[in-house]
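The values are calculated or read from the model by the stated rules, or taken from the named source; none is laboratory data. Owing to the predicted nature of the structure, the values given are computational and were not obtained by experimental measurement. Glycine also receives a Cβ, built like all others from the backbone with ideal geometry; neighbour counts cover every protein chain displayed.
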Amino acid sequence: MEKTLNQNLNFTGRNVPVAEVAKATGKSAQYIRAGLQQGILKFGYALKVNNSSRFDYYIPDYLLYQYTGYYNPDAKPQLDMAVGEV
């Protein structure tokens, strides 16, 4: 069965914070980070920072909606969408 998207939603490509995703899914932030790092969760990306053990996370609002159905109509677009929290 194919999902249909609500045509009234305004996706901006904003980087949804890991903490917001964790709250929306009922999982811990560490669970979300680990799932993104291991490629198990397909709604975002974990990018390793060069010469470091740190990761940056990018979870685009549209991709998150496609995989989970979560959409936050009150979220404001971010100026720097490529930088996530570590």
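Restricting the search to segment 44-75, which residues are assigned to a loop (DSSP other than H, G, I, E, B), of a type outside the set (A, V, I, L, M) and farther than 12 Å from residue 17 by Cα?
Of everything in segment 44-75, those that are assigned to a loop (DSSP other than H, G, I, E, B), of a type outside the set (A, V, I, L, M) and farther than 12 Å from residue 17 by Cα turn out to be 50, 51, 52, 53, 54, 69, 70, 71, 73, 74.
Scan segment 34-54 for residues that are over 16 Å from residue 67 (Cα atoms) and either surrounded by fewer than 18 Cβ atoms within 10 Å (Cβ to Cβ) or of a type in the set (D, E, K, R) (or both) and report the count.
Adding up the residues that qualify gives 11.
Does segment 16-31 hold any residues that are β-branched (Val, Ile, Thr) and within 9 Å of the chain's Cα centre (by Cα), and which are they?
16, 18, 21
In this structure, is residue 61 modelled with pLDDT of 95 or more, in contact with a strand residue (DSSP E or B) (Cβ under 9 Å, 6 or more places away or on another chain) and acidic (Asp, Glu)?
yes
Restricting to segment 34-65, count the residues that are in contact with a helix residue (DSSP H, G or I) (Cβ under 7 Å, 6 or more places away or on another chain) and of a type in the set (Gly, Ala, Ser).
2
Considering only segment 20-43, state which residues are assigned to a helix (DSSP H, G or I), without any contact (Cβ under 8 Å) to a residue 12 or more places away in the chain and among the basic types (Lys, Arg).
Listed by number, the list holds a single entry, 23.
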